[in-house]
Amino acid sequence: MNLIGNIIWLVFGGFVVFLQYMISGFVLCLTIIGIPFGIQCFKIGFLTLLPFGREVREIPGNTGCLSTIFNIIWIVIGGIWIALTHLFFGILLAITIIGLPFAKQHFKLMSLSFTPFGKEIH
């Protein structure tokens, strides 16, 4: 079922969102200051490419204050808008029974895109 879900996800917009995250990541990596944020864009982008069968987990142990500071900067600069977009599409897809698995993936992406530092994908 994960394969079918990923194929449907890719056909109906997942690949376009993946490309947007990749382009954003490359642009952010052009500056030294933007490299940590670009890496997070790549992480979110690869999850966006094939979200079914994968999960987001907190990194075990203490991630330190640097990841907290980076998460605050991420939220202020644009993470809140990315998370709200995933929330909107998740609610929109949750209206129908067929859209529930895709809504679940948007909610997973929402949690990662709101605070990506200190999280890993399995």
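Quick note: the coordinates plus some simple rules give every number you see, no bench work behind them. Since the structure is predicted, the reported quantities are computational estimates derived from the model, not experimental observations. All Cβ positions, even for glycine, are placed from backbone atoms using ideal geometry, and neighbour counts span all protein chains on display.
Table: residues versus (1) out of contact with any Phe, Trp or Tyr (no Cβ under 8 Å at 6 or more places or on another chain); (2) more than 15 Å from G78 (Cα to Cα); (3) of a type in the set (S, T, N, Q).
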position: V27; (1), (2), (3): yes, no, no
position: I32; (1), (2), (3): yes, yes, no
position: I35; (1), (2), (3): yes, yes, no
position: N62; (1), (2), (3): yes, yes, yes
From F52, F37, F18, F26, residue being within 18 Å of T85 (Cα to Cα) and aromatic (F, W, Y): F18
